[in-house]
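A short worksheet on the structure shown next.
The values are calculated or read from the model by the stated rules, or taken from the named source; none is laboratory data. This one's a predicted model, so the numbers in the text were calculated from it and none came from an experiment. So basically every Cβ, Gly included, is an ideal-geometry build from the backbone, and we count neighbours across all protein chains shown. In case anyone asks, the SASA skips ligands and DNA or RNA and just uses the protein heavy atoms, side chains included. Shrake-Rupley method; radii C 1.70, N 1.55, O 1.52, S 1.80 Å.
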Amino acid sequence: MFQTLRLRLVLDIIITESERLAALSTNVLTLSKYENLEIVADKAPFRLDEQIRKSIVLMEPKWSAKEITVNVDLDKVIYSGNEDLTQQIWLNLLDNAIKFSYKGGFINITLAYENDKIRFVIQDDGPGMDDQTKAHIFDKFYQGDTSHSKTGYGLGLPLVKRIVELCGGDVGVQSQSGKGSIFTVVLPL
């Protein structure tokens, strides 16, 4: 009986680590693909606000499990771009906001036209970042908070930055230790 339980435990560990390695490989390949991309193909107009709503719904099991309140204020925005590419932006930023929010916390998400640009803002109420972390947050494999190293690889934000650059936009972060983080993505119309 003990041998069977021990074997089961070892098999569970092997399966879990295999899944982690597969996810890491996928993320590395995806980032490598986008790093070598010079132009965005397959552009078409689509509702950016609806894409963000779908991303929020897709991530619902994660934010719901942490009892996070997600406040959403999205203007109707038609954007001409590659839908698969841009969805990676919202999924990665939302995943990070969930990961770093406290249980029972909040995430605020806004999308609005601003002059001739589109501004997306996502704010969490997590632990925030110190200046060193902010300086390296978009570096590949960098993880400022090693307590979450089992749930990430330090590739999500570099991927976000590269995709936003490919779209001709800009991404930035405001954060202070103990005061949460605010990520802002600005895309041209």
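Evaluation of residue 102 against the conditions (1) out of contact with any helix residue (DSSP H, G or I) (no Cβ under 9 Å at 6 or more places or on another chain); (2) modelled with pLDDT of 95 or more shows that the sole unmet condition is (2). One residue alone among 95, 84 is open to solvent by less than 50 Å² (accessible area, probe 1.4 Å), more than 16 Å from residue 184 (Cβ to Cβ), modelled with pLDDT under 95 and among the acidic types (Asp, Glu), and that residue is 95. Return yes when residue 58 is hydrophobic (A, V, I, L, M, F, W, C), within 17 Å of the chain's Cα centre (by Cα), farther than 23 Å from residue 125 by Cα and surrounded by fewer than 20 Cβ atoms within 10 Å (Cβ to Cβ) and no when it is not. It is false that residue 58 is hydrophobic (A, V, I, L, M, F, W, C), within 17 Å of the chain's Cα centre (by Cα), farther than 23 Å from residue 125 by Cα and surrounded by fewer than 20 Cβ atoms within 10 Å (Cβ to Cβ). Of the residues making up the range 98-119, those that are over 18 Å from residue 186 (Cα atoms), outside any loop (DSSP other than H, G, I, E, B) and aromatic (Phe, Trp, Tyr) are 100, 106.
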